[in-house]
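Everything on this sheet refers to the single structure shown next.
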Amino acid sequence: MNAEFDETSASRAIADGRSVAELTDLYRSILEQLGEDPGRDGLLGTPERAARAISFLTKGYGESVDEVVNNALFESDLDEIVIVKDIELYSLCEHHILPFLGKCHVGYLPQGRVLGLSKVARIVDMYARRLQIQESLTQQIAQTILDVTGAAGVGVIVEAQHLCMSMRGVAKQHSSMQTSVMLGSFRDNPPTRSEFLRLVGS
């Protein structure tokens, strides 16, 4: 588990009514600073809607690995790579709080236990729903899958487009970024790594 995220009740406060109310006030202030009138027809209710949206988009702060996995680990004598491909992900970059979106491929080589299929996607989503950079997101997913399953090796590839690059700055519309993390046998054993890369089509 990544120690930089506080999983206490304080980190869960984003979801409660008081936090939404506080965020609503802040969004109203932002609109005013932009020169807008939060009371005009088109913006009535926008501060609260924006507050609820950012609460949802960062709900990963209020989730823990134990809650997400929920004991969905099963004994297995499988000794072949397990792969979950094309997991959609949506996150917010921590530098500009603009979205990046794409897909994630996860593979692991079990050592006596397999993880419930949906839990792989839920782990991806939990970390994606936090302010992130793609490099850290990829590492967090890989390390958590390794820790939870006790696998012999884990491989994670994330491919994403970043709106902070396409909407501002250099404004390159069709660029994408790919990051990968290989742990255990996926790093140390070239045939295992090659098989994973071939199976995900990378």
Subject >> Within region 67-95, backbone nitrogen closer than 19 Å to the virtual label 7 Å beyond the Cα of Gln111 toward Cβ >> reply: 73-83
Subject >> Cα-derived Rg over Rh, computed across region 93-132 with Rh taken as Kirkwood radius >> reply: 1.10
Subject >> Residue with peak Gaussian network fluctuation, the chain [Cα springs, cutoff 10 Å], from Pro110, Pro191, Pro99 >> reply: Pro191
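Quote to one decimal, in nm, the extra length available between Leu43 and Gln143 on full extension: 0.36 nm per residue of separation minus the C-alpha distance between them. Present the calculation step by step, with values, prior to reporting the outcome.
Working: separation 100, 0.36 × 100 = 36.00 nm, distance 4.26 nm.
Roughly 31.7 nm would be gained on extension.
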Original post:
Taking 0.36 nm per intervening residue step and subtracting the Cα-Cα distance, what contour gain separates Ser19 from Met177 on full extension?
Top reply: 53.5 nm
**OP:** Could you tell me which of Asn189, Thr138, Gln161 has its Cα farthest along the dipole of region 132-202 towards the positive end, charges placed at Cβ (Lys, Arg +1; Asp, Glu -1), taken about the Cα centre?
**Re:** Gln161
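Do you know the relative contact order of the chain, to the nearest whole percent, from alpha carbon pairs under 8 angstrom that are 6+ apart? Could you put the intermediate results ahead of the total?
Working: 353 pairs, mean separation 37.2, N = 202.
The normalised contact order for the chain reaches 18 percent.
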Subject >> Cα shape, region 54-202, gyration tensor, a/c 1.5 rule >> reply: oblate
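Which value, in Å², gives the accessible area per residue of region 53-183 when a 1.4 Å probe is used on the protein heavy atoms? List each step's numbers first, then the result.
Numbers: 6120 Å² over 131 residues.
Per-residue value: 47 Å².
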Subject >> Within the chain: Cβ-based charge dipole about Cα centre, in debye rounded to nearest 20 (Lys, Arg +1; Asp, Glu -1) >> reply: 460 debye
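Could you tell me what percent of the accessible area of the chain is made up of carbon and sulfur, with a 1.4 Å probe and every protein chain present? It would help to have the intermediate numbers written out before the result.
Working: 5720 of 10990 Å².
Carbon-and-sulfur percentage of accessible area, whole number: 52.
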**OP:** Take every Cα-Cα pair in region 34-88 and report what % of them are more than 18 Å apart.
**Re:** 67 percent
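Which translational diffusion coefficient, to the nearest whole µm²/s, is obtained for region 60-108 from the Stokes-Einstein equation, given a Kirkwood hydrodynamic radius over C-alpha pairs, 37 °C and 0.692 mPa s? Could the numbers behind the result be given before it?
On the way: Rh = 13.8 Å.
After rounding, the answer is 238 µm²/s.
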**OP:** Compute the length gained on full extension between Glu67 and Arg168: take 0.36 nm times their separation in residues and subtract their Cα-Cα distance, giving the result in nm to one decimal.
**Re:** 32.6 nm
**OP:** For the chain, find the longest principal axis of its Cα atoms and tell me its angle to the long axis of helix 46-57, 0 to 90°, nearest 10.
**Re:** 10 degrees
Subject >> 222 nm mean residue ellipticity, helices alone, for the chain (DSSP H n ≥ 4; -39,500 (n - 2.57); rounded to 500) >> reply: -12000 deg cm²/dmol
Original post:
Against the longest alpha carbon principal axis of the chain, how many degrees, from 0 to 90 and to the nearest 10, is the axis of helix 17-33 turned?
Top reply: 60 degrees
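The values are calculated or read from the model by the stated rules, or taken from the named source; none is laboratory data. Note that the structure is a prediction, hence the values are computed from the model and not measured. Note that we place each Cβ from the backbone using ideal geometry, even for glycine, and neighbour counts take in every protein chain shown. Quick note on the areas: whole protein, heavy atoms, side chains included, nothing else; ligands and nucleic acids left out. Shrake-Rupley method; radii C 1.70, N 1.55, O 1.52, S 1.80 Å.
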